[in-house]
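The values are calculated or read from the model by the stated rules, or taken from the named source; none is laboratory data. Because the structure is a prediction, the values reported are computed rather than measured. Counting neighbours? That spans all protein chains shown, and the Cβs are built from the backbone with ideal geometry, glycine included.
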Ligand SMILES: *Cc1c(COP(=O)(O)O)cnc(C)c1O
């Protein structure tokens, strides 16, 4: 055996929890509410568009490094239609292998060794690994429960910024808590970025998954922000095709150039035929987005009711397709142990939020459930979880 096969930058990162918990779900025949992938595919006409592209020989060979023009135009059109943000499809849009690559390439391109990157905690697990691969130092700002939701403490954010801060890595709507930062909160985030001349990477993959009164406002739309913000989107979340790995970046040309320079040595290009299909998806009428949102909102309510009945404290999400719960009312305090035992106890798999924290104790009592599943599956899960209350 080679001693210490993993380099020191990655030593703290083992297998992602998602692979581990999905394997546990298969092994135990449990309902998998751990990993956030939909159990029904996105729109049929978009699947057909992918088939057509493949048959017509579009995208079967290396597409252009920035993505096919059709996709870049559609992304620019989407930002304009939905947010009145204008981007030049030729110089300010970049297609990536999912949002995952967009995050990796942005951090590798824009963070110098030793730079501090301020990220909202709990954070999406790839953030920590990518900051580490870039040689940066992560500085978490923790969202904490207040009035029924996990909220950002803007004073804490202000205090986290130092002369070594290079970047704010923001995620709204926020995975795993379901928090959607308000316009007022985002205005403060933006003002801090401008005041300290920071770069901002804004992971907005759940931009269309907002419920009730919540609204998604892109960080790039605030004064002084367009020029410093790399915005990330993904067809996986917006169109329920997580396996296609089509993501995109919108940013001013110098930032896109930088991100592309890292991206070209990661995948170079990916998902050729799917890029054409996603270009069509991005042009779907408002009715698609409204129906998608309404469907997920109803699913949220089914699972939230089930979890409440089972005895969890439920943080009803304003966005994303995740519900974060507190297990302490069930007499539990260790989310890891709870999630390990849950398949046996109730035939359901969930994710311990502690994996998304630097300070694991802070995240210990929280557990995340995904609701991007068929209603019958969620109802079955709700019935099973009632065993916990008994
Ligand atoms: C799912 C997810 C991603 C990754 O998206 P892909 O397009 O599947 O690579 C990135 N960020 C957040 C917050 C996510 O939940």
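So is residue 179 touching a residue at least 12 places away in the same chain (Cβ under 8 Å), out of contact with any helix residue (DSSP H, G or I) (no Cβ under 7 Å at 6 or more places or on another chain) and under 13 Å from residue 317 (Cβ atoms) or not?
Numbers: touching a residue at least 12 places away in the same chain (Cβ under 8 Å): yes; out of contact with any helix residue (DSSP H, G or I) (no Cβ under 7 Å at 6 or more places or on another chain): yes; under 13 Å from residue 317 (Cβ atoms): yes.
So residue 179 fits the description; yes.
Return yes when residue 76 is assigned to a helix (DSSP H, G or I) and either at pLDDT below 95 or within 16 Å of the ligand (Cβ to nearest atom) (or both) and no when it is not.
Details: assigned to a helix (DSSP H, G or I): yes; either at pLDDT below 95 or within 16 Å of the ligand (Cβ to nearest atom) (or both): no.
It is false that residue 76 is assigned to a helix (DSSP H, G or I) and either at pLDDT below 95 or within 16 Å of the ligand (Cβ to nearest atom) (or both).
Inside segment 215-241, residues that are under 20 Å from residue 74 (Cβ atoms), part of a helix (DSSP H, G or I) and touching a strand residue (DSSP E or B) at 6+ places or on another chain (Cβ under 7 Å) make up a count of 2. Take the conditions (1) over 18 Å from the mean Cα position of the chain (by Cα); (2) away from the ligand (no atom under 15 Å from the Cβ); (3) over 24 Å from residue 151 (Cβ atoms); (4) touching a residue at least 40 places away in the same chain (Cβ under 8 Å); residue 291 misses just one of them, which is (4). Checked against (1) in a helix (DSSP H, G or I); (2) at pLDDT below 85; (3) away from the ligand (no atom under 16 Å from the Cβ), residue 18 passes all but a single condition, namely (3).
Can you tell me which residues in segment 179-197 are under 24 Å from residue 108 (Cα atoms) and buried (at least 17 other Cβ atoms within 10 Å of the Cβ)? If the condition is that a residue be under 24 Å from residue 108 (Cα atoms) and buried (at least 17 other Cβ atoms within 10 Å of the Cβ), then 189, 190, 192, 193 are the ones that fit. Evaluate segment 269-288: report whether one residue or more is touching a strand residue (DSSP E or B) at 6+ places or on another chain (Cβ under 6 Å), within 14 Å of the ligand (Cβ to nearest atom) and not in a helix (DSSP H, G or I). Yes, there is a match, as at least one residue in segment 269-288 is touching a strand residue (DSSP E or B) at 6+ places or on another chain (Cβ under 6 Å), within 14 Å of the ligand (Cβ to nearest atom) and not in a helix (DSSP H, G or I). Picking from residues in segment 22-38 that are in contact with a helix residue (DSSP H, G or I) (Cβ under 7 Å, 6 or more places away or on another chain) and under 25 Å from residue 131 (Cβ atoms), the one that is surrounded by the fewest Cβ atoms within 10 Å (Cβ to Cβ) is 35.
If a residue counts only when it is surrounded by fewer than 23 Cβ atoms within 10 Å (Cβ to Cβ) and away from the ligand (no atom under 16 Å from the Cβ), which strands (runs of 3 or more DSSP E) contained entirely in segment 92-162 have at least 3 such residues? Step through it out loud before you land on a result.
Working: elements: 93-97, 116-121, 137-142, 144-146, 149-151.
Result: 137-142, 144-146.
Filtering segment 214-231 for residues that are surrounded by fewer than 20 Cβ atoms within 10 Å (Cβ to Cβ) and modelled with pLDDT under 95 leaves an empty set.
Taken over segment 165-214, the criterion of being under 18 Å from residue 116 (Cβ atoms), more than 16 Å from the ligand (Cβ to nearest atom) and not in a loop (DSSP other than H, G, I, E, B) is satisfied by 165, 166, 189, 192, 193, 194, 195, 199. Scoring residue 66 on the criteria (1) within 13 Å of the ligand (Cβ to nearest atom); (2) buried (at least 18 other Cβ atoms within 10 Å of the Cβ) leaves a single failure, condition (1). Against the criterion of being over 22 Å from residue 212 (Cα atoms) and assigned to a strand (DSSP E or B), residue 244 does not qualify. Hey, does segment 247-265 have a residue that's within 15 Å of the ligand (Cβ to nearest atom) and part of a helix (DSSP H, G or I)? Yes, segment 247-265 contains a residue that is within 15 Å of the ligand (Cβ to nearest atom) and part of a helix (DSSP H, G or I).
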